[in-house]
Amino acid sequence: MRLLPPIFKAKSAVSTITSLVDAPFKTTRYPTLTAAPLAKAQTEALADELNTLYQSVMDSLGSDDARYIQRVYGTVVYSEVISRALLAFAGQLSSKRSKLSVWLLGTSLLSFSKILNNMELGHNVMHGQYDWMQHPHLNSQKFDWDIVCPAPLWQHSHNYLHHTFTNIVGRDHDVGYHLIRVTDEQPWTPSDRYNLFKTMILALGFEWAVAFHDIQISVEEYADTPQLTDIMQPKARALFGKIARQMGKDYIAFPALAGLTLGHSSAMTTLSGNITANIARNLWTWAVIFCGHFTEQAHIYTQLDANESKGDWYVRQILGSSNIQGNKWFHILTGNLSHQIEHHIFPDMPARHYAKIAPTVQAICAKYHLAYNTGHFSKQFMQVLGRIRHFSKPSSEEWHTYTQSISNNNSSTNENNNLAVNSATETLRGFRRFLPQVVRQAMFYA
């Protein structure tokens with residue numbers, strides 16, 4: 001069953017939308033904006049130029065774009081078929097060296113297929129970039145990708161929340177994914193000392209974080225909605241259904257098929273190849289996403305302008321995003337999210353056009369004195385790690401605030417927005433006690 005976005009307006013952790021103050025931003029190593037950096041007249045002029053650029057590209061879409069995405073889809077399918085055959089065949093080889101070589105080839109090809117499916121195909125199709133084709137399955141309403149997160153859940157947390165409220169603390173839940181502290185606007189807690197370790201866990205299991213991300217968001221966003229259970233139940237059931245299908249496909253069905261037809265050794269090479277390919281895809285996806293959002297000069301916003309115009313929105317997307325330089329194949333493997341700035345200002349433009357319009361976007365940014373953050377992968381990646389490490393340590397003021405809050409709240413306990421979930425999870429026994437809260441919430445509603 002296809003899940004449509006709920007009709008109820010999401011509530012944010014930021015209780016009200018406050019007007020921006022006059023002070024533009026903190027001039028720090030990790031900038032935080034408290035106001036729009038450009039006057040309204042400038043943002044409107046910028047919006048006119050970007051709107052014209054957008055329309056010129058959208059008017060040019062045609063058969064070349066259709067053939068391109070169909071070739072990408074064909075490449076995903078054929079590379080997956082060949083890679084799975086190689087993994088099964090590897091188990092039949094007697095030579096350890098030959099077995100390892102074929103296994104590495106099959107695993108690498110399967111990793112490539114999963115990355116291409118996730119980035120250039122799934123991400124972009126589900127953004128509606130090819131809806132104009134009216135293709136029976138290459139459209140945002142019917143396509144579902146090869147990860148454990150159902151498409152509708154991702155589209156709510158990503159297409160709607162992230163792209164609407166980009167980098168606004170409390171509104172954009174992708175700022176740290178409820179796990180990593182990446183700005184001083186997020187209060188420091190002792191668990192932040194393990195920022196780098198938590199980041200490693202997040203990277204290895206990134207598809208799982210994405211899968212449960214919308215559950216965690218929705219429990220908070222719709223906490224005061226009478227229809228909370230009606231909203232959460234189909235989400236949770238869709239999530240566990242997708243997990244069962246993905247786990248069954250990669251870790252049961254294909255290994256079992258290889259084992260029944262070719263023997264135990266082929267089952268093991270297939271299973272190990274699938275596990276490795278999924279981890280490789282997770283690591284790559286995490287690295288690209290974090291390099292596009294959490295470099296040193298990626299701006300964080302503290303609040304949303306109640307009178308934000310399209311031009312203001314453009315500025316927020318530009319300052320909150322970072323590009324990664326590379327060759328054509330690098331851009332394809334990132335789903336062209338290496339052009340994160342272009343993607344954030346034009347999320348429904350076919351991503352293959354980002355490289356072509358990037359020089360124009362950069363020139364427009366220079367004209368309005370807006371930073372256009374770009375750099376090679378190694379530079380952006382090191383900045384991301386530096387940012388995560390920096391915010392794992394409290395400043396003296398943050399440490400004082402934390403210790404003061406502890407002394408003031410010794411007798412109080414953490415409250416969850418959903419009391420029904422809390423009362424249910426408190427009575428859990430066995431292995432469920434060791435599951436993360438968001439997993440228990442999903443199980444409760446499912």
Find the accessible area per residue for the chain; the probe is 1.4 Å, ligands and nucleic acids are left out, and the unit is Å². 46
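Given that compact globular proteins tend to follow 2.2 N^0.38 Å, what is the ratio of the alpha-carbon Rg of the range 308-401 to that value?
Normalised by 2.2 N^0.38 Å, the Cα Rg of the range 308-401 equals 1.29.
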For the range 195-261, what's the radius of gyration and Dmax over Cα atoms, in angstrom? 16.4, 54
Cβ-defined net charge surrounding Thr199, 15 Å radius [Lys, Arg +1; Asp, Glu -1]: +4
Euclidean distance between Cα centres, the range 106-170 to the range 26-72, Å: 20
Any idea what diffusion coefficient the chain gets from Stokes-Einstein, in µm²/s, Kirkwood Rh on alpha carbon pairs, 10 °C, 1.306 mPa s? 67
Using unit Cβ charges (K, R positive; D, E negative) and no other charged atoms, how large, in debye to the nearest 20, is the dipole of the range 28-113 about its Cα centre? 920
Once you keep just the Cα pairs under 8 angstrom separated by 6 or more residues, what percentage relative contact order results for the chain? 24
Report, to the nearest whole %, how much of the accessible area of the range 232-373 belongs to carbon and sulfur atoms, 1.4 Å probe, protein only. 65
Residues with beta-carbon under 14 Å from that of Pro359, excluding Pro359: net charge, scoring Lys, Arg +1 and Asp, Glu -1? 0
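For the range 63-187, would you read off the P(r) tail past 20 Å as a percentage of all alpha carbon pairs?
59
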Need the full-extension length gain, Ser108 to Tyr251, defined as separation in residues times 0.36 nm minus the C-alpha distance. One decimal, nm. 49.7 nm
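Would you mind telling me the share, in percent, of accessible area of the range 104-155 contributed by carbon and sulfur at probe 1.4 angstrom? Walk me through the numbers before you get to the answer.
Working: 910 of 1550 Å².
Whole-percent figure for carbon plus sulfur exposure: 59.
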Part-to-part distance (alpha-carbon centres) for the range 324-347 and the range 217-277, which is given in Å: 28
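Can you give the relative contact order of the range 222-377 as a percent, counting alpha carbon pairs under 8 Å and 6+ residues apart?
Taking the mean separation of contacting Cα pairs over the length of the range 222-377, I get 17 percent.
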Quick one: compute the contact order of the range 209-305, relative version, from alpha carbon pairs under 8 angstrom and 6+ residues apart, as a percent. 15
Restricting attention to the alpha-carbon atoms of the range 224-369, what are Rg (one decimal) and Dmax (integer), both in Å? 21.5, 65
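The values are calculated or read from the model by the stated rules, or taken from the named source; none is laboratory data. Note that this is a predicted model, so its numbers are computed, not measured. Cβ sites come from the backbone with ideal geometry, for glycine too, and all protein chains shown count toward neighbours. The accessibility values were calculated without ligands, DNA or RNA, using every heavy atom of the protein model including side chains. Shrake-Rupley method; radii C 1.70, N 1.55, O 1.52, S 1.80 Å.
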